[in-house]
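Reading through the C-alpha cells given below for one structure.
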Amino acid sequence: MPKPSVTMVPGAQKPATPPPTPKQPPVPVYTPPTPVYVPPTVQTNVTPEAQTLQNPRPSIKARPGSQPAANSTAPWGKLIFSNGKEVQLTGEQALIGRIDHDVQGITPDIDLSDAPGADTTSRIHATIERVGSTYMVTDLNSTNATRVNGKRLEPDKASPINDGESLEFGKVKCTFKKL
C-alpha cells in the first residue's frame, strides 16, 4: 500500500502593515482673525495749535464721583391708561404689576390693582425702562402676557417701544408717551 505524502504549498503572505486608507480632505475649521495692535504714532515737538489741527476732538473731562450720572428723578415718559390715569416714568426702570395685600413684600413701582381688568395683571407683570434714548418693555413671564400694539411679547426678552404705542398688561390698556 502506498504511503500518503503531504506536500506543503506556501500561501499568500499577510502584509506586515495594513494598506493605506484613502485620505479624507481636512474638515475646514473657522479661525477668527488675530487682532493686530497698531500703536499710536508719537510726535515730538508738536505745538498745541498743530495738535488741535491734527486731533480736533474735544478733551473729555471726568465728572466728580459725587455727581450723579443723570437726574434719576427726572421724568422721561408716562403711561396714559384707558381710565384716564397717568403715571410718570422716572429712574432707569419701573416695575409694573399689582399689589396683593395677602402677599407681603411685593410692591411694584406702578400699581395696576385699581385699573379696570386688574385681575388679569400679574403681581410682577413687566418692566419698562429707558436705555439711553431707547425705551424697552419686558414681560416678566406674566400669566396673561404683555402686548405692544396687540402683538404678544416673548417673556423675559426686552422689546423696544416708541412714542404713542399701545401697551397691554393682561387686559389693562395704556399708551406710552415719551417726554
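The values are calculated or read from the model by the stated rules, or taken from the named source; none is laboratory data. Here the structure is a predicted model, which is why all the values come from computation and not from measurement. All Cβ positions, even for glycine, are placed from backbone atoms using ideal geometry, and neighbour counts span all protein chains on display.
Among the residues making up region 160-179, those that are at pLDDT 95 or above and not in a loop (DSSP other than H, G, I, E, B) are PRO160, ILE161, SER166, LEU167, GLU168, PHE169, VAL172, LYS173, CYS174, THR175, PHE176, LYS177. Per the conditions (1) touching a helix residue (DSSP H, G or I) at 6+ places or on another chain (Cβ under 9 Å); (2) farther than 17 Å from GLN88 by Cα, the sole criterion not satisfied by ASP139 is (1).
Being at pLDDT 95 or above and either over 22 Å from ALA158 (Cβ atoms) or not aromatic (Phe, Trp, Tyr) (or both): is that true of ILE128 here? Yes, satisfied. Hey, does region 69-78 have a residue that's within 16 Å of LEU179 (Cα to Cα), over 16 Å from the mean Cα position of the chain (by Cα), surrounded by fewer than 16 Cβ atoms within 10 Å (Cβ to Cβ) and modelled with pLDDT of 90 or more? The answer is yes; a qualifying residue exists.
Of all residues in region 114-160, those satisfying the criterion of being of a type in the set (Val, Ile, Thr), under 23 Å from LYS85 (Cβ atoms), surrounded by fewer than 20 Cβ atoms within 10 Å (Cβ to Cβ) and touching a residue at least 24 places away in the same chain (Cβ under 8 Å) are THR120, ILE124, THR143. Could you check, for region 103-113, whether at least one of its residues is surrounded by 15 or more Cβ atoms within 10 Å (Cβ to Cβ) and within 15 Å of SER166 (Cα to Cα)? Checked region 103-113: no residue is surrounded by 15 or more Cβ atoms within 10 Å (Cβ to Cβ) and within 15 Å of SER166 (Cα to Cα).
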